[in-house]
1. Measure off 7 Å from each Cα along the Cα-to-Cβ vector at residue B:18 and residue B:192, then give the distance between these two points in nanometres to one decimal.
2. Quick one: compute the contact order of chain B, relative version, from alpha carbon pairs under 8 angstrom and 6+ residues apart, as a percent.
3. Go ahead and set up a Gaussian network model of chain A, Cα springs under 10 Å, then flag whichever of A:231, A:131, A:119 fluctuates most.
4. Restricting to lysine pairs 8 or more places apart or on different chains, what number in the range B:73-230 have Cα atoms under 20 Å apart?
5. Counting only residues 5 or more places away or on other chains, whose amide H sits under 5 Å from the amide H of residue A:5 once H atoms are built in the peptide plane?
6. Hey, what number do you get for chain A at 222 nm if only DSSP H runs of n ≥ 4 count, each worth -39500 (n - 2.57), divided across all residues, to the nearest 500?
7. Identify all aspartates and glutamates with a Cα-Cα distance to residue A:132 below 18 Å; exclude those on the same chain that are fewer than 8 residues away in sequence.
8. Top mean-square fluctuation among A:55, A:144, A:128, Gaussian network model of chain A, C-alpha springs under 10 Å?
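Bear in mind these aren't lab numbers, they're just calculated from the coordinates by the rules spelled out. Being a predicted model, the structure only gives us computed values, none of them experimental. Here the Cβ is made from the backbone with ideal geometry for all residues, glycine too, and neighbour counts use every protein chain on show.
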Amino acid sequence: MKSIKIKADNLNVYYGEKQALFDVSMYMEEKQVTALIGPSGCGKSTFIRCLNRMNDVIDICKVQGKIEIDGNNIYAPSMQVEQLRERVGMVFQKPNPFPKSIFENVAYGPRIHGIAENKSDLEEIVVNSLKKAALFDEVKDRLNDAGTGLSGGQQQRLCIARAISVNPDIILMDEPCSALDPIATARIEELMGELKTEYTIIIVTHSMQQAARVSSRTGFFHLGKLVEVDKTETIFSNPSDQRTQDYITGRFG
Amino acid sequence: MSEHIVSSYDEQLDLINSTLIKMGGLVETQLHNSLVALGDKDTAFAEEILRDDNKIDALEKEIDALTYKVIAMRQPLANDLRTVLSALSIANDLERMGDHATNIAKRVANVKINMPDTPVSEIVNMGENVQRMIKNVLDAFVQKSDTLAINAWDLDGDIDELYLSIYRDLLKTMAEDPDTITGCSHLLSIAKNIERIGDYVQNIAEDIHFITTGQALERKSEKRIKWEKV
């Protein structure tokens with residue numbers, strides 16, 4: 001078994017009176033892709049947003065329980081949220097590059113986190129991040145063009161480059177391919193295979209086939225509960241819970 | 001089993017199921033008819049039976065096409081995936097069973113000459129037992145019942161015993177009266193055909209177990225034939 005990177009323990013999340021997550025406990029292995037599936041509103045996005053404390057910005061959101069990354073509780077009072085987010089990058093459903101140049105999109109993070117010592121350092125980080133995101137060859141001659149001028153798939157890879165530019169351990173992806181065509185989707189999936197040699201990846205996806213293709217473990221959420229989490233192969237061939245089977249075979253959801 | 005949200009998906013799976021059941025019914029009839037032709041030494045009827053094998057083969061192709069279509073269109077998962085993959089395997093086994101049943105009919109003319117009645121009726125009896133196994137395993141398939149499937153699987157032990165006893169009897173008959181050698185050799189092949197059909201029933205029972213439980217059937221026959229004593 002791989003070593004455990006993230007561990008959630010009896011996680012309960014409330015938005016005001018409404019409880020969004022119920023006693024969720026699961027672990028995520030280091031340098032592996034973990035997929036989270038489930039119908040809309042099942043809590044999987046809420047869960048993923050707890051992993052870098054994105055829910056902190058929502059006033060009525062209350063988180064109980066524990067999430068450990070490398071054994072440290074990220075909800076401990078001593079945890080510095082900026083440092084946490086440096087380690088846990090995120091990529092969203094719709095590509096959301098800054099209205100800046102391709103270069104500046106990637107340089108932004110290292111600059112505000114003070115990662116680059118000087119200009120050539122920064123350039124190196126930008127080039128490396130773009131290379132890791134498999135975008136460099138397509139944009140190397142136009143790094144000063146606007147990031148928003150790229151195609152959807154390229155924009156999403158730019159967002160991945162931006163996420164990895166601050167050298168995180170973990171990348172959270174919330175339906176990263178739902179706005180992309182099959183070719184751009186295939187490129188991102190291929191990229192995930194490369195990225196997982198360095199990063200722990202958590203992906204929320206509505207595509208069963210995508211979860212089956214990219215992940216080693218899959219968790220199924222329903223009505224705020226983690227119904228089942230197991231090896232991806234088991235989840236899609238012979239899940240233990242009837243609700244999982246009904247969902248993945250298209251019987252409810 | 002609850003229904004799919006997309007009802008045309010259910011219709012496709014239902015069609016695969018019903019085609020398999022139809023194919024199984026034809027195989028059962030093919031064996032039944034062959035046994036009747038053998039018992040009555042009715043060569044005209046045997047000729048008729050030979051033509052029916054095409055119908056079984058055609059259904060296998062139909063099931064192949066249906067399963068490919070479902071896989072391409074629906075990307076089935078979990079129990080649906082097991083059902084679709086097993087349908088291919090069951091159709092393949094049924095086609096083989098049909099061939100074995102047809103082979104029995106092919107040999108009726110050869111058995112007609114110079115043959116004592118006793119071994120023939122023993123073989124027909126063995127064939128009727130296998131026919132019941134086919135019926136049982138088809139019932140198990142229709143009901144998606146693991147218990148019925150395992151019951152059908154277990155019956156094969158009796159068939160193997162019957163086969164051994166018939167084998168011995170035929171050797172004895174040949175030794176006593178060399179004029180029966182030709183006929184008995186054909187009967188040996190017929191008995192082997194029937195015995196093979198029993199093995200395919202076991203395969204189908206294993207597929208049903210896989211569909212219903214997601215596990216391979218780990219089971220050993222309690223009755224093991226001891227061929228060294230023959």
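1. Distance between the two pseudo-spin positions: 4.0 nm.
2. 25
3. Greatest mean-square fluctuation among the candidates belongs to A:119.
4. Lysine pairs meeting both conditions in the range B:73-230 amount to 11.
5. A:28, A:29, A:30
6. That calculation yields -10000 deg cm²/dmol at 222 nm.
7. Qualifying aspartates and glutamates at Cα under 18 Å: A:86, A:104, A:121, A:123, A:124, A:141, A:169, A:189, A:190, A:194, A:198.
8. Its mean-square fluctuation being the largest, the pick is A:144.
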